[in-house]
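One structure below.
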Amino acid sequence: MSLYSKWAKKEQTEARRILALLPAGVLFLYLLPLAITRGGASIDRKLGLPPIDFGTINHILGGLLMILGFSFALWSIYDQFSRASGTPLPILPTQKLLVGGPFRYCRNPMTLGTVTAYLGIAVYARTIAGIGIVLLFGLLLVLYLKLLEEKELTERFGEAYLAYKREVPFIIPRLPRRK
C-alpha cells in the first residue's frame, strides 16, 4: 500500500481541508504568478530578450487565458472539495473518483486550467522567460501526474479508474460523447 493510499483512508474534516488549501492558495495564486511576472522579466533582461509586445492583444489574450484557466482550475478544486471530500493536495486526496464536472472533459482539469492561466499571466506580462517558466512548470506537473498520481489512482480506485482513463483524455479536452 502506497503512502497516498494511506493518506486517502483517513477522511478529513472540512475545516482541515480549508486550512490545508490556504498555503496552497498563496503558492499557486500569488507566489507562482509572481515568479512568472517578475522572475520572467528579470531573466528576459539578463538574457537580452525583447518583450512579447503586441499592444492591446497581450492584455486581451492574456486576460482571456487567465479567466478561462483559473475558472477551469478552480471548478476542479471546488468539485474535489465539495463532491469528493478531498483536495488537490496529495496528503488530503479525494475520497471518491471524480468523473463528472470538469473531469468529464479531461482527467487533469486543474493542471490544464493552471497552465492556461499561467500562460495568460506570462502573455499579459510580455515575458518570453515567463512562458518558459510556465512550460517547465507544466512539464513537471505532467511528469508527476504520469509517474506518481496515475499509479496511485489505479491503486485506490482500480478498474473504475482504468475505465475512466480509457474513456477520458489525459489533459487536452474533448467534448463528452453522447450516450
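The values are calculated or read from the model by the stated rules, or taken from the named source; none is laboratory data. As the structure is a computational prediction, the values presented were derived from the model and not from experiment. Neighbour counts are summed over all protein chains in view; Cβ atoms, including those assigned to glycine, are modelled from backbone coordinates with ideal geometry. The area values use the complete protein model at the heavy-atom level, side chains included, leaving out ligands, DNA and RNA. Shrake-Rupley method; radii C 1.70, N 1.55, O 1.52, S 1.80 Å.
Tabulated data
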| read-out | value |
| --- | --- |
| Residue count, region 30-86 (criterion: touching a helix residue (DSSP H, G or I) at 6+ places or on another chain (Cβ under 6 Å) and of a type in the set (Asp, Glu)) | 2 |
| Residues of region 40-54 classified as surrounded by 16 or more Cβ atoms within 10 Å (Cβ to Cβ) and among the small types (Gly, Ala, Ser), total | 2 |
| Wholly within region 116-179, helices (runs of 4 or more DSSP H) carrying at least 1 residues that are open to solvent by 90 Å² or more (accessible area, probe 1.4 Å) and within 29 Å of residue 44 (Cα to Cα) | 128-144 |
| Count of residues meeting criterion [surrounded by fewer than 16 Cβ atoms within 10 Å (Cβ to Cβ) and not small (Gly, Ala, Ser)] in region 76-88 | 2 |
| Meets criteria (open to solvent by 90 Å² or more (accessible area, probe 1.4 Å) and either in contact (Cβ under 8 Å) with a residue 24 or more places away in the chain or not aliphatic (A, V, I, L, M) (or both)) for residue 67 | yes |
| Residues of region 96-110 that turn out to be assigned to a loop (DSSP other than H, G, I, E, B), in contact (Cβ under 8 Å) with a residue 24 or more places away in the chain and not hydrophobic (A, V, I, L, M, F, W, C), as a count | 3 |
| Some residue of region 97-114 being open to solvent by 40 Å² or more (accessible area, probe 1.4 Å) and over 23 Å from residue 170 (Cβ atoms) | no |
| Failed item in (1) surrounded by 14 or more Cβ atoms within 10 Å (Cβ to Cβ); (2) free of Cβ contacts under 8 Å to residues at least 40 places away in the same chain, with residue 57 passing the rest | (1) |
| Yes/no for residue 35 being among the small types (Gly, Ala, Ser), modelled with pLDDT of 95 or more, open to solvent by less than 20 Å² (accessible area, probe 1.4 Å) and within 17 Å of the chain's Cα centre (by Cα) | no |
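Table: residues versus (1) of a type in the set (Asp, Glu); (2) within 19 Å of residue 20 (Cβ to Cβ); (3) at pLDDT 95 or above.
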residue	(1), (2), (3)
64	no, no, yes
73	no, yes, yes
85	no, yes, no
134	no, no, yes
